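> Structure provided below as C-alpha cells; questions to follow.
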Amino acid sequence: MPDSAAPGSPMAAAACDSDLLNGKDNESGTAKWVPPEHLLNRELSWLSFNSRVLAIAEDDRTPLLERFKFLGIVGSNMDEFFMKRIGGFKLWVRLGLETPSADGMTPRQQLMACVPRIHEIVSRAERCFRDTLVPLAREQGIDLVSWDDLDDEAKNWCRDFFIENIDPVLTPLAVDASHPFPFISNQSLSVAVELASRPGTPMRFVRIKVPMNRPRWVTLPDGVRRVALEQVIASCLDHTLPGEHFVEVHQFRVTRSIVVDTGDYQDDLYQDMEERPGQLRREIADQLRERRFAPAVRLEVDAAMPAKLRHWLLDQLHLTDDDLYESTTPLGMVDLGSIVDIDRPDLKYKPWRPQSHPRLRFLRGMMSDPHEANIFSIIRQGDLLVHHPFHDFDASVLHFIRAASEDPQVLAIKQTLYRTASDSPVVHALVRAAETGKQVAVMVELKARLDEHQNLRWAQVLESAGAHVSYGVEDLKTHTKLVLVVRQEEKGLRRYAHIGTGNYNGGTAKVYTDLGLFTADPEICTDVGHLFNALTGYSRFERYKNLLVAPPTMRRRFSQLIEREIDHARAGRKAGILAKMNQLEDPKIIGKLYEASQAGVDVHLVVRGICTVRAGVPGLSDRIRVTSVVGRFLEHHRIFVFVNDGEPEYFIGSADWMTRNLRHRVEAVVKVKDPVCKSELDRIMHVYLDDNELAWEMQPDGSYVRRKPNPGEASRPSHEVLMRLACGQTKAK
C-alpha cells in the first residue's frame with residue numbers, strides 16, 4: 001500500500017478531517033424562511049417523476065420493446081424507493097423520531113402519504129404490461145405466455161429444459177422444527193411451496209430461490225413463445241421434490257432496506273445529523289455486511305396466493321399487511337431486460353452512434369496511439385465542451401485519460417471517482433500510469449450508495465499499482481467530477497483539467513445526458529489543483545476564482561448570483577435565471593428563487609426528478625416555470641445561466657440544488673468563460689425549453705401536464721433535436 005494511504009499518514013488524516021471542506025457556509029444577506037406550505041413534499045415529487053417515466057411506457061408513440069424497458073425502469077425505481085426511502089422512514093418511525101421535513105410532514109405522515117401513490121403507480125404498471133404490452137408483443141411474434149397456455153409438447157420441452165439447465169442450480173430450503181425460516185436476500189424472487197402435512201406434523205414449507213444467473217424468460221424452440229422461469233420451476237417441482245404432494249405453489253419477492261442506521265439515512269433525508277466516527281474503509285465494509293441482513297420492507301406476492309400463506313410469510317419477515325403488495329403480473333418488473341434485449345431493431349429506437357466533437361474528429365482513427373493523437377494541443381487552442389451521449393465519451397474523456405496515462409511528458413494525474421464501470425477502462429488507464437511511474441492520485445468515494453463494494457475493489461487495485469488513494473472527508477461524500485493532468489512542456493509545466501457533470505463511466509455516457517469542459521485555463525486549473533489539495537491534504541483554500549465549491553462557498557455564491565438578478569430586475573435592467581438539474585429541494589435556494597420571482601426575474605427551471613418548488617403560484621412564484629424532460633436518455637447534466645444585464649454568466653458542474661449537494665457533498669461547479677462554449681450551452685438550454693413532446697410542465701398544485709405540439713406545429717423532442725445537431729443536420733437557432 002502506498003505510504004499516503006497508510007494509517008496516520010497525512011492523506012489518511014485528511015480523509016478524516018471534515019473541517020477541511022466543511023466550512024461555515026455563511027449566506028450573503030438573509031434568506032427568507034420558506035413556510036412549509038410553500039414547498040412540495042420531496043417523496044411525493046419523486047413518485048410523480050416515476051409516474052412520468054411510466055407514462056413513456058404507456059405512450060403508443062414509444063417503440064414496443066422500449067416500452068418494456070421503461071416498465072423495467074419503473075420497477076427498478078420503485079425497488080430503490082423502497083430500499084432507500086421507505087426503509088428510512090420505517091427506521092425513523094421505529095426509533096420514534098418525528099422530525100418534520102421542510103414541507104412540515106413527519107416521517108410517519110410521509111410514509112402514509114406515499115402508500116396510495118405507490119399503489120396507483122404499481123396498478124398502472126401492471127395494467128400497461130398485462131393489457132397493452134403483452135397483446136401488442138404477441139402481434140409482433142413475441143408471445144409471453146403462462147404455463148397453462150402451453151400445449152403438451154411445449155410443456156415436455158420445458159420440463160427437459162428444466163431438468164438439464166435449471167434443477168441442478170436449485171436448492172430447496174425446508175422450514176420445520178429443525179429448519180428455521182431461511183434468510184431471504186434482497187430483491188430475490190422465490191417459489192413458496194406448501195407441502196401436505198404428515199400425521200402429527202404442522203404445515204411443511206419449502207422455499208426455492210429463482211436463480212438470478214438463469215434467463216428470467218425461457219424461450220421455446222419456436223422462438224415466439226416465452227414463459228417466466230418461476231412458472232417453469234413451479235410446474236416441475238415433482239422432479240425437484242419427488243414423492244411429495246403440493247398443497248400450494250406460489251411466487252413471492254422480498255425487498256429489504258439498505259438503510260441500516262440513522263447515519264446511513266442522513267445523506268438522503270435529514271442532512272443535519274452527524275455520521276458516526278471511525279475508520280471509513282472498515283465502516284463501509286461493516287455497513288455492507290449489515291445491509292445484507294437489514295429488515296424487509298416489502299413483500300410482493302402473486303395475486304392467487306391464499307391469505308393463510310401470505311400472513312405466514314409476513315410473520316416470518318416481521319412485516320404487516322401494509323407491507324404486502326399483490327400482483328397479477330410476473331413479480332419484479334426490473335427483470336424485463338431479457339425482453340428488451342430481443343433482437344428486433346424494428347421495435348426499438350433507431351440506433352444512435354455518438355459523434356466525435358468536431359474538434360476531436362481526427363482523433364477517432366488514432367485512439368491506439370495517443371502520441372500522435374495529441375489531445376492536449378487541441379485543448380490549448382481553446383476550451384472544449386463535450387455533450388454526452390451526443391458526443392463520444394471514448395473519443396473525448398476516455399481518450400484524454402488514456403493519452404495522459406501513456407504520454408511520457410505527463411508527470412501526474414489526479415482524478416475523482418464516484419461511480420464507474422464494473423470493468424473500467426478509466427481505472428485501467430490510471431493503473432498503467434501509476435505502474436509506469438507517473439504520480440497518480442485518485443479520490444475514490446467509498447460511500448457512493450449501492451456502489452460501495454465495487455469502489456472498495458477499485459481502491460485496492462489502484463493502491464496495488466502504486467497510486468495514491470484517498471477516501472475524502474468522512475462526513476461528506478465526494479461527488480465532484482474532476483481530472484487534472486500535469487504535463488511537462490517547452491515553456492514549463494502546464495495543467496489540463498476536465499470538469500464534468502457525470503461519472504467517468506463509458507456505459508452510462510451512452511444513455512445519460514452529461515457535459516464536460518476540457519480546459520488549460522491557468523486560473524481554472526489552479527482552482528482544481530487547490531480543490532484536490534483540500535481532498536487529499538490539509539489545504540483549507542477557499543478563495544476559488546472560477547469554481548463554486550460545496551460545502552464552503554457554493555450555496556453562498558449561488559445565492560449571490562440570484563440576488564444580483566434581483567437587483568438588476570428592481571433597477572429595470574435585464575434579468576433572468578435558467579437552470580437545469582436533476583433535483584431541486586434546498587429551502588434556502590428555493591426561498592431566493594421566490595424572492596427573484598417576486599422582484600420580476602423570469603426563472604426557467606428544467607428539473608428531471610424531485611422538485612419541491614411550487615411553480616406559477618400567484619403572488620409567490622408567478623415568474624417561475626418548471627419543466628421536466630423524460631425520454632430516451634436520462635437527463636443528468638447541471639447547467640446554470642444568469643442573464644446579468646445582458647452579460648450572461650454560465651456554469652456547469654456536479655451539483656443539484658439540494659441540501660445534500662450544497663452542505664454534505666464535495667461538489668464543484670465551474671464558470672464557463674469561452675464564448676464558443678457559452679454559445680453551445682445557450683443552444684442546449686433553449687432546445688430543452690422549446691421541447692413540446694418530451695417535456696412536462698409543472699402546475700401550481702405540483703402536478704405535471706405533458707406538452708404537445710399545437711395544431712400544425714412541428715414536433716420538437718429535445719433528444720432527437722440534439723442528435724440531429726450533433727450530426728450537423730439541424731441549424732442552431
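Please treat every number below as a calculation from the coordinates, not as lab data. Treat the numbers as computed from the prediction; the structure is a model and nothing was measured. Here the Cβ is made from the backbone with ideal geometry for all residues, glycine too, and neighbour counts use every protein chain on show.
> Would you mind counting up the charge near R706? Only other residues with Cβ under 12 Å from its Cβ, with Lys and Arg at +1 and Asp and Glu at -1. Don't jump to the answer; show the numbers that get you there.
Details: positive: R52, R61, R707, K708; negative: E58, D59, D691, E693, E697.
For residues surrounding R706, the net value is -1.
> R0 = 60 Å: FRET efficiency of Q560 with V224, Cβ-based, nearest 0.05? Walk me through the intermediate numbers first.
Numbers: r = 63 Å, r/R0 = 1.05.
FRET efficiency, Q560 to V224: 0.45.
> Please work out how much length the chain gains when fully extended from W33 to E435, using 0.36 nm per residue of separation minus the C-alpha to C-alpha distance, in nm with one decimal. Intermediate values should be presented prior to the final figure.
Numbers: separation 402, 0.36 × 402 = 144.72 nm, distance 5.38 nm.
Additional length available on full extension: 139.3 nm.
> Would you mind checking the tilt of helix 452-464 against the longest principal axis of the Cα atoms of the chain, expressed as 0 to 90 degrees and rounded to 10?
Once rounded, one gets 60 degrees.
> With the cut-off at 1.5 for a/c, could you classify segment 548-726 from its C-alpha gyration tensor as rounded, prolate or oblate? Don't skip to the answer; put the middle values down first.
Numbers: a/c = 1.39, a/b = 1.25, b/c = 1.12.
Taking the square roots of the gyration eigenvalues as a ≥ b ≥ c, segment 548-726 is rounded.
> Per-residue ellipticity at 222 nm for the chain, helices alone: DSSP H runs ≥ 4 residues times -39500 (n - 2.57), over residue total, nearest 500 deg cm²/dmol?
Numbers: 23 runs with 244 residues, N = 733.
Helix contribution divided over all residues of the chain: -10000 deg cm²/dmol.
> Once phi is turned into ³J(HN,Hα) by the Karplus curve 6.51 cos²θ - 1.76 cosθ + 1.60 with θ = phi - 60°, what whole-Hz value does each residue of segment 498-512 show in order, with x for glycine and proline?
Taking θ as phi minus 60°, the curve returns 10, 10, x, 9, x, 6, 7, 9, x, x, 5, 5, 8, 10, 9 Hz for segment 498-512.
> To make sure I understand, if each residue's beta carbon is the centre and we count other beta carbons within 10 Å, what order do H119, H468 fall in, fewest to most? Before the final figure, lay out each step's value.
Working: H119 11, H468 21.
Lowest to highest Cβ neighbour count: H119, H468.
> Between L411 and H239, what length in nm is gained on full extension when 0.36 nm per residue of separation is reduced by their alpha carbon distance?
55.5 nm
> Still on this structure: How do E713, E126, E635 line up, fewest other C-beta atoms within 10 Å first?
Details: E713 9, E126 18, E635 23.
Ordered from fewest to most neighbouring Cβ atoms within 10 Å, E713, E126, E635 come out as E713, E126, E635.
> Hey, for a label at K308 modelled as a point 7 Å past Cα toward Cβ, could you say which residues of segment 225-257 have their backbone N under 20 Å away?
From segment 225-257, the list is 244-252.
> With a ≥ b ≥ c taken as the square roots of the eigenvalues of the C-alpha gyration tensor of the chain, please select rounded if a/c is under 1.5 and otherwise prolate if a/b is larger than b/c or oblate if it is not? Please report the intermediate quantities before stating the final value.
Numbers: a/c = 1.58, a/b = 1.49, b/c = 1.06.
Because a/c hits 1.5 or more and a/b exceeds b/c, the chain counts as prolate.
> Taking only Cα atoms, what is the 0 to 90° angle, nearest 10, from helix 152-165's long axis to the longest principal axis of the chain?
On a 0 to 90 degree scale, this one is about 60.
> Note down the nm distance, to one decimal, between modelled labels 7 Å out along Cα→Cβ at N644 and at D60.
Using points 7 Å along Cα→Cβ, the separation is 5.0 nm.
> So for the pair N374, R108, with labels modelled 7 Å out along Cα→Cβ, what separation do we get in nm?
It is 7.0 nm.
> Report the net charge of residues surrounding G382, where surrounding means a beta-carbon distance below 9 angstrom and charges are Lys +1, Arg +1, Asp -1, Glu -1.
Working: positive: R359, R380; negative: D383, D674.
After counting each charged neighbour, the total is 0.
> Can I ask one more? How many nm separate the modelled label positions at R159 and R124, each set 7 Å beyond the Cα in the direction of the Cβ?
With each label point 7 Å from Cα toward Cβ, the separation is 4.4 nm.
> As I understand it, the value is the acute angle between the Cα axis of helix 522-536 and the longest principal axis of the Cα atoms of the chain; what does it come to in degrees, rounded to 10?
Long axis of 522-536 versus the principal axis of the chain: about 50 degrees.
> Additional query: What is the fewest-to-most order of V607, V93 by other Cβ atoms lying within 10 Å of their Cβ?
Ranking V607, V93 by Cβ neighbours within 10 Å, fewest first, gives V93, V607.
> Among 386-398, 35-47, how do they line up by average Cβ neighbours within 10 Å per residue, starting with the highest?
Going from most to least packed, we get 386-398, 35-47.
> Tell me, Kirkwood radius of segment 385-443 from alpha-carbon pair distances, in Å? Don't skip to the answer; put the middle values down first.
On the way: mean 1/r = 0.0831 Å⁻¹.
Hydrodynamic radius (Kirkwood, Cα only) of segment 385-443 equals 12.0 Å.
> Further, regarding this structure: Which length gain, in nm to one decimal place, applies between S422 and L95 when the Cα-Cα distance is subtracted from 0.36 nm times their residue separation? Don't skip to the answer; put the middle values down first.
On the way: separation 327, 0.36 × 327 = 117.72 nm, distance 3.66 nm.
Separation in residues times 0.36 nm, less the Cα-Cα distance, equals 114.1 nm.
> Kindly state, to the nearest 0.05, the FRET efficiency for F183 paired with K348, given R0 = 30 Å and r defined as their beta-carbon distance.
E(calc), rounded to 0.05, equals 0.20.
> Indicate, rounded to the nearest 5 percent, the antiparallel portion of the DSSP beta bridges found entirely in segment 548-726. Write out the running numbers ahead of the final one.
Values: 22 of 34 bridges.
Just about 65 percent of them are antiparallel.
> Rounded to the nearest 0.05, what FRET efficiency do T320 and D690 give with R0 = 45 Å and r taken as the Cβ-Cβ distance? Could you check? Working shown, then result.
Values: r = 49 Å, r/R0 = 1.08.
The value I calculate is 0.40.
> If you don't mind, another one. Tell me, what is the percent relative contact order of the chain, built from C-alpha pairs under 8 Å that lie six or more residues apart? Provide the component values of the computation, followed by the final result.
Numbers: 1389 pairs, mean separation 105.9, N = 733.
Averaging sequence separation for qualifying contacts and normalising by length gives 14 percent for the chain.
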